[in-house]
Structure formats: structure tokens, C-alpha cells
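Okay, so here's the structure we're looking at.
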Amino acid sequence: MPRFRLGGYFMEHSTARKIAEQLAIDIRQGQGFADWDDQHMEWPFNDWLATNGRLNVKVAGIISPETDIEGILFVSTFLHIEDTDPGPLTETENDLAVRQWLEELGVLDGIQWISMLDTQRIALGGTQPRYRGMRFTCSTIEAHREQVAKNLERIRELRCRNEMQDK
């Protein structure tokens, strides 16, 4: 499997929400699920980037390897590694153009350049954002909760039956 070293701009979810607001990206997908917003924020961001022709950056939800904080990485450099990892990347003109774009959107603080190995398989789906149109809805989450409840009930029934048979 190919290996990549990534370079890009990391920010906490609160900063990424400000960018989403500036770009009119509905990260809540009309539902207002606060616990889902942060975990899946990359999908509506990448949809927006692909739709608007910003193919020089891809967004990924990560845990910063430097701070162990969850957030969003705007990946602007993908370096395919043949044999030996060259070590940390430095910002290029393309990276600085992405940084300037983020600053024009009002992100003056709270972004950090990060260079890391792609241990989270960010490049697996390609190095450009793709429109996926993935959305979570109440019915999807409710259906999941209902299925979990049914599964738990079935487990309880089986345990009860097994206990009866053991007696």
C-alpha cells in the first residue's frame, strides 16, 4: 500500500466552525446534532471544496499528533513515499496559498502547520476532495438507536433463556 507524508493546517473544531460559517457550509446538515457535527465535519467541507473547484486542499478530521487534540486538518501537501520517509515537510507556495485563503476567511489565530505520516489513511480516497453528499438525518440516527435497543433486548432474552436452561 502506498505511503504518504501529509502537510497542512490543523485547527480545533471551533475554528473550523467559523470557516464553515464564512463559506455557508451546513456542518450540522440541518439536524443540529452537536455530537455528530465535529466527528463528521470533514464531509460537508470536502463536498464544498469539490463543488467549488478548490482541489488543492482536502479536509480530514484527525487527532493532532503534536497535541492529541481533535480537530480538522486542511491537507495541502501529499508526498508519496517510495522507500525512506524524508521527515517533516516545510510549507510550499501551494501551502502558503491555502494558509492565505484560510486567513482571508478570518482565521488569523488557531491554525498550526503540521507534517505527519498518513497513519489515518487520509490519502486512501485520493488526494483531492470528492463530493460524496453523505448526510446524517434524524431517521438514520433513530433507526440506529432502535436497532441497538432491539439487539440489547435480544441479548437479554438469550441470557435469560441460557440461565433457565442451566438451572
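The values are calculated or read from the model by the stated rules, or taken from the named source; none is laboratory data. Everything numeric in this text was worked out from a predicted model, so none of it was measured. Note that we place each Cβ from the backbone using ideal geometry, even for glycine, and neighbour counts take in every protein chain shown. What goes into the accessible areas is simple: the full protein's heavy atoms, side chains included, and nothing from ligands, DNA or RNA. Shrake-Rupley method; radii C 1.70, N 1.55, O 1.52, S 1.80 Å.
Brief remarks on what is shown
- Accessible area per residue (1.4 Å probe, heavy atoms of protein chains only) ranks LEU73, LEU55 as LEU55, LEU73, with the largest value leading.
- Net charge of Cβ neighbours under 9 Å - reference GLU70; Lys, Arg +1; Asp, Glu -1: -3
- The slack in the chain from MET164 to ASP85, taken as 0.36 nm per residue of separation less the alpha-carbon distance, amounts to 22.5 nm.
- Ranked by the mean number of other Cβ atoms within 10 Å of their residues, highest first, the peptides 4-13, 85-94 come out as 4-13, 85-94.
- Counting only protein heavy atoms and a 1.4 Å probe, the chain has 62 square angstrom of accessible area per residue.
- Acute angle (nearest 10 degrees) that the helix 13-22 long axis makes with the longest principal axis of the chain, alpha-carbon atoms: 70
- The chain gives an Rg/Rh value of 1.13, both radii derived from C-alpha positions and Rh following Kirkwood.
- Highest-first arrangement of 153-159, 118-124, where packing means the average Cβ count within 10 Å: 118-124, 153-159
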